[in-house]
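None of the figures in this text is laboratory data; all of them are computed from the coordinates on show. What you are looking at is a predicted structure, and each value in this text was computed from that prediction instead of being measured. Every residue, glycine among them, receives a Cβ derived from its backbone with ideal geometry; neighbour counts consider all protein chains shown.
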């Protein structure tokens, strides 16, 4: 890629204040995303995938959060240094976000028209009547049937799938350059999840926006993302194009995770597992964070924190033993 | 053929939501489970799978229909007495191990509670049984003195399973036992359940929404939609040759960890309202094969291949 990427994140570390001191939630996270591209971030609980997403828009509580290192460059400006007024214009304008649970992201006492209108009034200065007309167009765009009537509904009158469509309508209201979708289908049933993924893919093609999709579900990531970051315990452990990652996972955590998914197309007697449990974020693990669970860990893995190194074309992994074997 | 552990016949559950309004959560479900076998019960939200599991375990009464557990009919006028006689042979494992364990009870007491309730047990026997149960579910002996909050979600589910095993049940109803767990934890619990079933010969009703997890756990699989059982078959047949259009759509919709797969476009529409349900097949409004009669009469479950049943006019 020769052009400047739309978004580039470099060496990002985020810490939260706890009773016992500063807890490092993510460390040395870096990636970049071009215009119109789709990045998937996959990981289990506590991996830092949502913390990463929220950091992009500085949505963490300022009093209990600090970002000791890192830059987030979006369309040429460092979001971490931007004054709050300027940042507010970007939030919901050039970068929009949708969350897992549309019920708690929507205001229960406002109609859909009012909630979509709020974004339009703030960013585009539309008056009430114009905002309502635009809201109906947006509901049409997210395939809500009978939009002219549904626009006056309250969130509780909609199904879970329709509420997520409304969230998407709000998110695309200002034609963002980047949409961050944090587990957008996790609360939905599988047939509704398929509808929402279809919708996101259609809208991305129509509007030409970049998308960051965060999910714990490797299936959703494989289906949607062109590039994938795998996170574990606050660090990126592997980064590659989706086709490469799923064909040839290089980090032992990534390959372990892929094998632990029960197959839909075969009968098994036992599933391969990753030993141990997901670590408590408050516990400091020396060396490689995955080493206590890794079947291939060597003595150095438990001492020296590995860095992300190339293991193939456009393919990085945070595992020196595997990187050495790949060379 | 040996007598089934559990047989349900034409099971119906109505909930009164307001005067004159009835929500039919389960609409005429029939199946049985043989000793030592797992029936996977799969469906989306509101399909009635959990309500079915609860009726079958005697946790809520059925509106009509019969549940026969170990040869005893636990529904109907003598149901409560019959249920009391077989209750200890059947246990329940819940989705949320946080909600189902008392936070102020040590693990040893949580695991031994079924033993304590059932009757007197000598102190050394109780201690020995706790040790044995911890061992069976892969928890260290030191776990006995700790409290639930000291454990991860996967370990808490192990505690819930140990507790369910305390009375050596012949049948376990497990309602979404791995849904709250991360993938790497989920695989461990699935293996634990598979091992326990193999070693102890327990029959399981495994309720889940995840079709892949159900495949790994079950001998037979039943698919529910909007309160009705639409298909039931041995697992290999159900996944390799699904017959009901809903089962097919459901399998198509599951994202696979394969970037080269192109998923078919999603099925349009949503699950119908359970209030004042229309006559006919509950899936008719979304079904690509729907014919006029599908909107009028609900198709009965009928055999379409050996041990393979589906409820569809079009097949």
Completion exercise
Short to long, in 10 Å steps from zero, the percent of alpha-carbon pairs of the stretch B:119-175 per bin is 21, 52, 26, 1
Exercise for the section: Jot down the radius of gyration and Dmax of the stretch A:1-123, Cα atoms only, both in angstrom. Expected result: 16.0, 48
Problem - Ascending count of other beta-carbon atoms within 10 Å, so fewest first, for A:251, B:88 - result: B:88, A:251
Fill in the blank from the handout: Rounded to the nearest 5, the percent of antiparallel DSSP beta bridges in the protein assembly as shown equals 60 percent
Fill in the blank from the handout: The alpha-carbon center of the stretch B:38-60 and that of the stretch B:89-111 are separated, in whole Å, by 20 Å
Fill in the blank from the handout: Which of B:42, B:86, B:223 fluctuates most in a GNM of chain B (C-alpha springs under 10 Å)? That residue is B:86
Problem - In Å, descending, principal axis extents of the Cα set of chain B - result: 68, 55, 44
Exercise for the section: Post the alpha-carbon centroid distance, the stretch A:120-145 to the stretch B:155-198, in whole angstrom. Expected result: 49 Å
Exercise for the section: Once you have the Cα-Cα distance between residue A:282 and residue A:18, take 0.36 nm times their residue separation minus that, and quote the gain in nm to one decimal. Expected result: 94.1 nm
Completion exercise
Percent antiparallel among DSSP beta bridges confined to chain B, nearest 5, equals 60 percent
Fill in the blank from the handout: Taking alpha-carbon centroids only, the stretch B:279-299 lies from the stretch A:55-87 a number of Å equal to 54 Å
Practice task
Rank the residues A:261, A:67 as a footprinting-exposure proxy: fewest other Cβ atoms within 10 Å of their Cβ go first.
Solution key: A:67, A:261
Exercise for the section: Take chain B, connect every pair of alpha-carbon atoms lying under 10 Å apart with a spring to form a Gaussian network, then pick out the residue of B:222, B:162, B:290 with the largest mean-square fluctuation. Expected result: B:290
Problem - Max mean-square fluctuation residue, GNM over chain B, Cα-Cα springs under 10 Å, options B:177, B:288, B:169 - result: B:288
Practice task
Any chance you could list P(r) for the stretch A:110-212, counting all Cα-Cα pairs in 10 angstrom bins from zero, rounded to whole %?
Solution key: 16, 49, 33, 3
Fill in the blank from the handout: Here the whole-number average of other chain Cβ atoms within 10 Å per Cβ of B:147-154 is 2
Completion exercise
Here the whole-number average of other chain Cβ atoms within 10 Å per Cβ of B:43-55 is 1
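Counting only helical runs of four or more DSSP H residues, what would the 222 nm mean residue ellipticity of chain A come to if each run contributes -39,500 (n - 2.57) and the total is spread over all its residues?
After summing the helix terms and dividing by residue count, I get -9500 deg cm²/dmol.
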Practice task
Compute the FRET efficiency between residue B:302 and residue A:88 as 1/(1 + (r/R0)^6), taking r as their Cβ-Cβ distance and R0 = 60 Å, and round to the nearest 0.05.
Solution key: 0.45
Exercise for the section: Sort B:146, B:265, A:322 so that the residue with the fewest other Cβ atoms within 10 Å of its own Cβ comes first and the one with the most comes last. Expected result: B:265, B:146, A:322
Fill in the blank from the handout: Heads up, the stretch B:263-315 by the C-alpha gyration tensor (a ≥ b ≥ c square roots of eigenvalues; a/c under 1.5 rounded, else a/b over b/c prolate, else oblate) looks oblate
Problem - Estimated inter-spin distance, residue A:103 and residue A:159, nm [label 7 Å along Cα→Cβ] - result: 1.5 nm
Handout entry: Three-way shape call for the stretch A:97-158 based on the alpha-carbon gyration tensor, with the a/c threshold at 1.5
Key = oblate
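When N counts the residues of the stretch A:165-280, how does its alpha-carbon radius of gyration compare numerically with 2.2 N^0.38 Å, as a ratio? Before the final figure, lay out each step's value.
Working: Rg = 16.0 Å, N = 116, 2.2 N^0.38 = 13.4 Å.
Cα Rg divided by the expected 2.2 N^0.38 Å: 1.19.
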Handout entry: Volume of the Cα convex hull of the stretch B:173-313, divided per residue and given in Å³
Key = 138 Å³
Problem - Computed [θ] at 222 nm, helices only, for chain B once each DSSP H run of length n ≥ 4 contributes -39500 (n - 2.57) - result: -9000 deg cm²/dmol
Problem - Cα Rg, Dmax, the protein assembly as shown, angstrom units - result: 26.2, 78
Completion exercise
Rounded to one decimal in nm, the spacing of the 7 Å Cα→Cβ label points at residue B:120 and residue A:268 is 4.9 nm
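From other protein chains only, count the Cβ atoms within 10 Å of every residue's Cβ in B:185-192, then give the mean.
The shielding value for this peptide is 6.
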Fill in the blank from the handout: Counting only DSSP beta bridges fully inside chain A, the antiparallel percentage to nearest 5 is 60 percent
Practice task
Return one quarter of the surface area of the convex hull spanned by the alpha-carbon atoms of chain A, equal to its mean projected area, in nm².
Solution key: 18.7 nm²
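Above 19 angstrom, tally the Cα pairs of the stretch B:231-293 and express them as a % of all pairs, no decimals. Could the numbers behind the result be given before it?
Values: 880 of 1953 pairs.
Here the tail beyond 19 Å accounts for 45 percent of pairs.
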Fill in the blank from the handout: For chain B, the longest principal axis of the Cα atoms and the Cα long axis of helix B:153-165 enclose an angle in degrees, to the nearest 10, of 80 degrees
